[in-house]
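Report on the structure given below.
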Amino acid sequence: MGVPTLGCTCEVCTSADPHDRRLRPSVLLRWNEAALAGVRERVVVIDTGPDFREQALRNGLTRVDAVFYTHSHADHILGLDDLRPLSFTVFREGGSIPLYASSETRAVLEHIFDYTFSPDATYPNRAKVELKPLAERTAVHGVEFLRVPVMHGHMKIAGFRFGRVAYLTDVSSIPEASFALLEGLDHLVVSALRHKPHPTHATVEQAVAWARRIGARHTWFTHIAHELGHEQTNRALPAGMALAYDGLTLPVELGSVNL
Ligand SMILES: [Zn+2]
Ligand SMILES: [Zn+2]
């Protein structure tokens, strides 16, 4: 829902700590690719939620080379239309922005954004984007993205691994087979909604237990509801684990995933 949560006056929603102001979760990956004409910045986004525009402005986004979608819920997709101006840049270079999505996510995107995806759409300024199937491994300009299946209630959704980093949001359980894809991580980003159990999201306690088993050097919790104050929650977390926050930036090594 984002924090402050609309209509709420709780301690966290009215906190003066900037870490307690949370836009909807998303990841931005940037790297430099050596190209014939010098170095080219490459940009991948995971999920375009309702705050995508604000997040793009805060991070000075001028291009997007690809988007990966975890699943089709509103807080992860509703910013898709704000890809339009960025897609025009890519269109002038002769392409479109690939959107990697499962068939379930694709069906929802095609329905909600029918003016973009319908073959009958006549709207001339629609986003220059192209839905692509989400494979087990997808390479974007030399960087490999591994799909890591996780459960979100009854939905099987996508987490992602790139280099020695994994991003798993909206998780309620992790299938046994997916743990094998999470070995040797420098950074694990995993969702932890609150302390009280929720049918489709992990509690902090569940997420901490996964984090211990996965054993990444650093674990960051995301998709945090207003029950969790930043300072207070961090004080109680084990070493090597902390709440993520808007604008958190981590240097990571990308490339292929050797598993
Ligand atoms: Zn969700
Ligand atoms: Zn969500």
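The values are calculated or read from the model by the stated rules, or taken from the named source; none is laboratory data. Predicted, not measured: the structure shown is a model, and the values here were computed from it. Positions of Cβ are generated from backbone atoms using ideal geometry, with glycine treated the same way; all protein chains shown enter the neighbour counts. We work out accessible area using only protein heavy atoms, side chains counted, and drop any ligands, DNA or RNA first. Shrake-Rupley method; radii C 1.70, N 1.55, O 1.52, S 1.80 Å.
Observations, loosely collected:
- Filter result for the condition that a residue is within 16 Å of ligand 2 (Cβ to nearest atom) and in a loop (DSSP other than H, G, I, E, B), over Asp120, Asp170: Asp170
- Test: residue in segment 196-209 that is assigned to a loop (DSSP other than H, G, I, E, B), at pLDDT 95 or above, surrounded by fewer than 20 Cβ atoms within 10 Å (Cβ to Cβ) and small (Gly, Ala, Ser): no
For every residue, the table says whether it meets (1) within 16 Å of ligand 1 (Cβ to nearest atom); (2) in contact (Cβ under 8 Å) with a residue 40 or more places away in the chain; (3) buried (at least 20 other Cβ atoms within 10 Å of the Cβ); (4) not in a loop (DSSP other than H, G, I, E, B).
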position: Arg53; (1), (2), (3), (4): no, no, no, yes
position: Ala56; (1), (2), (3), (4): no, no, yes, yes
position: Gly60; (1), (2), (3), (4): no, no, no, no
position: Val64; (1), (2), (3), (4): no, no, yes, no
position: Ser72; (1), (2), (3), (4): yes, no, no, no
position: Asp81; (1), (2), (3), (4): no, yes, no, yes
position: Phe88; (1), (2), (3), (4): no, yes, no, yes
position: Gly95; (1), (2), (3), (4): no, no, no, no
position: Tyr100; (1), (2), (3), (4): no, yes, yes, yes
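- Residues satisfying the stated conditions in segment 237-250, i.e. free of Cβ contacts under 8 Å to residues at least 40 places away in the same chain and surrounded by 11 or more Cβ atoms within 10 Å (Cβ to Cβ): Leu237, Gly240, Met241, Ala242, Leu248
- Filtered by the rule that a residue be more than 11 Å from ligand 1 (Cβ to nearest atom) and open to solvent by 40 Å² or more (accessible area, probe 1.4 Å), segment 152-174 gives His154, Lys156, Arg164, Ser173.
- Residue count for segment 180-195, restricted to those that are more than 12 Å from ligand 1 (Cβ to nearest atom) and open to solvent by less than 10 Å² (accessible area, probe 1.4 Å): 5.
- Which numbered condition Ala209 misses (of (1) in contact with an Asp or Glu (Cβ under 7 Å, 6 or more places away or on another chain); (2) free of Cβ contacts under 8 Å to residues at least 24 places away in the same chain): (1)
- The lone exception for Ala177 - which of (1) assigned to a helix (DSSP H, G or I); (2) hydrophobic (A, V, I, L, M, F, W, C); (3) crowded, with 20+ Cβ neighbours inside 10 Å it fails: (3)
- The set of residues in segment 41-51 being surrounded by fewer than 22 Cβ atoms within 10 Å (Cβ to Cβ), outside any loop (DSSP other than H, G, I, E, B) and either without any contact (Cβ under 8 Å) to a residue 12 or more places away in the chain or within 13 Å of ligand 2 (Cβ to nearest atom) (or both) is empty.
- Leu131 being within 20 Å of Val64 (Cα to Cα), surrounded by fewer than 21 Cβ atoms within 10 Å (Cβ to Cβ), within 16 Å of ligand 2 (Cβ to nearest atom) and in contact (Cβ under 8 Å) with a residue 24 or more places away in the chain: no
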